[in-house]
1. Can you go through A121, A85, A91 and tell me which one is under 16 Å from A36 (Cβ atoms) and surrounded by 15 or more Cβ atoms within 10 Å (Cβ to Cβ)?
2. How about the range 3-109: which strands (runs of 3 or more DSSP E) wholly inside it have at least 1 residues that are modelled with pLDDT of 90 or more and within 15 Å of E130 (Cβ to Cβ)?
3. Return the residue satisfying two criteria in turn: it lies in the range 56-82 and is among the hydrophobic types (A, V, I, L, M, F, W, C) and closer than 24 Å to S44 by Cβ, and of such residues it is most open to solvent (accessible area, probe 1.4 Å).
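The values are calculated or read from the model by the stated rules, or taken from the named source; none is laboratory data. Since the structure is predicted, the reported quantities are computational estimates derived from the model, not experimental observations. When we count neighbours, we look across all protein chains shown, and the Cβ atoms used for this are built from the backbone with ideal geometry, even at glycine. These accessible areas exclude ligands, DNA and RNA; they are computed on the full protein's heavy atoms, side chains included. Shrake-Rupley method; radii C 1.70, N 1.55, O 1.52, S 1.80 Å.
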Amino acid sequence: MAVNVKQDGQTKEVIIPVTVLPEAPKPIPAITVNFATNSSVLSSAQKAELNKIAKYIVEEGFLRLVVHGYTDSRGGVDNQALSVARAQSTADYLAKLAPGIDFVVSGFGPSKPIASNKTDAGMAANRRAELSLW
């Protein structure tokens, strides 16, 4: 940025460097939404949490969100399709609260567990959608 500065009775143009913040190199984790077995329906508690994060997203001016869906390793359903449905239901709900946001939605089925699928608690933790800000 150029600024005119008066010095010793003369006007000189001085260049002032402007600091530009770089774009985030990867998404910033924001919230994890958990789901019931074989479901992609958001609970009222999860909607309340998403309401809070949507307010933050709008206030801070985020324009892109990444939502990844996951499942536990339990069979009986198409886990890949279910993981995408979880991510999409999360994105659809947020899109109503924060219009104009660009969403990247994908599902990973049971391929990236964060806990053991050998316990009920572990399976519950793996049934999730993760929202990241970009």
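1. Values: A121 fails: surrounded by 15 or more Cβ atoms within 10 Å (Cβ to Cβ); A91 fails: under 16 Å from A36 (Cβ atoms).
A85 is the lone residue from the list that is under 16 Å from A36 (Cβ atoms) and surrounded by 15 or more Cβ atoms within 10 Å (Cβ to Cβ).
2. On the way: elements: 10-15, 28-34, 64-69, 102-107.
Output list reads 28-34, 64-69, 102-107.
3. Start the filter on the range 56-82 by keeping residues that are among the hydrophobic types (A, V, I, L, M, F, W, C), which leaves 57-58, 62-63, 65-67, 77, 81-82.
From what is left, the residues that are closer than 24 Å to S44 by Cβ are 57-58, 65, 67, 77, 82.
Values: I57: 1, V58: 87, L65: 1, V67: 0, V77: 56, L82: 24 Å².
Selected residue: V58.
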